[in-house]
Structure formats: C-alpha cells, structure tokens
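**Q** The structure under discussion is supplied below as structure tokens; questions concerning it will follow.
The values are calculated or read from the model by the stated rules, or taken from the named source; none is laboratory data. Please read all numbers here as calculations on a predicted model, not as lab measurements. Note that each Cβ is placed from the backbone with ideal geometry, even for glycine, and that neighbours are counted across all protein chains shown.
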Amino acid sequence: MIKFGKELHPDTFNDYAEDAAKLIANNSAQGSPDKDKDKPTQLRRFYDELCMWQEKVGTSDEKYAELAPYIKMLNAKLAYAEGRKHVSSKFRELFRDCLKEVSNAETLRHCKLFMEAFMGFYKGLKG
C-alpha cells in the first residue's frame, strides 16, 4: 500500500512505482482484454493534470484546502476514461489509491513524484 507524508518509505519512488508500472503494463499486454487501454498518452493526460494542480498548490496547505475538491475530481475523470475504455480499472485504482493519500501540499507533491516515477517506468516498459 502506498503511503505519502512524513514517514515516506525509501522505496516509494523506486520499487513501488516500478511494481505498479509492471502491473499496469502486464495488464495491458497483447492478448489481454485491456490491450487497447492504458496507452502512455492517455496516462500522461492524468499525470499532466496532477502536475498542474501541484504547481498551483505549491507548498501552501491553505491553497491545497481551496483546490482539494478539484484535485479529487480527477477520480471522476478517471471513471469517465475507464467507461470510455481509455484506461483500465487497474490504472484507475492506482491513481485513486494515490489520491486517497493526498491531504495537504506535501502529500500532493509526493503523489506527483510517485506518478512521475510510475510514468518513467511505464514508458520504459511500454516504449
């Protein structure tokens, strides 16, 4: 389970992100029912939006509190993308689990860094 915050595990941005990337990449491998889902460009859209929110929040917990409803709305956008068969349930679950851990500016930054690491590993696996 991914945890963000003061007690950040040293392997969060390495082993955990790589394991998540492998899980999603294997889920969308040839022959899988999800083979047409989880294209890097689709996943990148969600990562880019997360980056945008993190940039707006910066290090301000007050700004995070103001923008939190819009950040959490990424879950609805993921559900819509899953319904349109652009992303798999596995990716939606991963992103949702990460967003559950976000409660302030610091954890939002950790979420963004985790997804950055995930995207790097995923792109390496999927090409």
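**Q** Run G127 past the list (1) of a type outside the set (S, T, N, Q); (2) touching a Lys or Arg at 6+ places or on another chain (Cβ under 9 Å); (3) at pLDDT below 95 and report the number of the one that doesn't hold.
**A** The failed condition is (2).
**Q** Okay, next question. Can you list residue pairs whose Cβ atoms sit under 7 Å apart, with the first residue in segment 1-26 being under 19 Å from R96 (Cβ atoms) and the second being among the acidic types (D, E)? Count only pairs 6 or more apart in sequence or on different chains.
**A** Filtered contacts from segment 1-26: I2/D97; I2/E101; K3/E101; F4/E101; G5/E106; I24/D38.
**Q** Of all residues in segment 9-60, which are assigned to a helix (DSSP H, G or I) and among the small types (G, A, S)?
**A** A17, A20, A21, A25
**Q** Under 8 Å between Cβ atoms, at least 6 apart or on separate chains: pull out the pairs that start in segment 51-74 with a residue that is under 12 Å from E106 (Cα atoms) and end on any residue that is surrounded by 13 or more Cβ atoms within 10 Å (Cβ to Cβ) and hydroxyl-bearing (S, T, Y).
**A** That search, which allows pairs on different chains as well, returns V57/Y64.
**Q** Could you please give the count of residues in segment 52-88 that are aromatic (F, W, Y) and either modelled with pLDDT under 95 or in contact with a His (Cβ under 9 Å, 6 or more places away or on another chain) (or both)?
**A** Residues that pass the stated criteria total 1.
**Q** Looking only at segment 68-103, which residues are surrounded by 17 or more Cβ atoms within 10 Å (Cβ to Cβ) and not in a helix (DSSP H, G or I)?
**A** Scanning segment 68-103 gives H86, V87, S88, V102.
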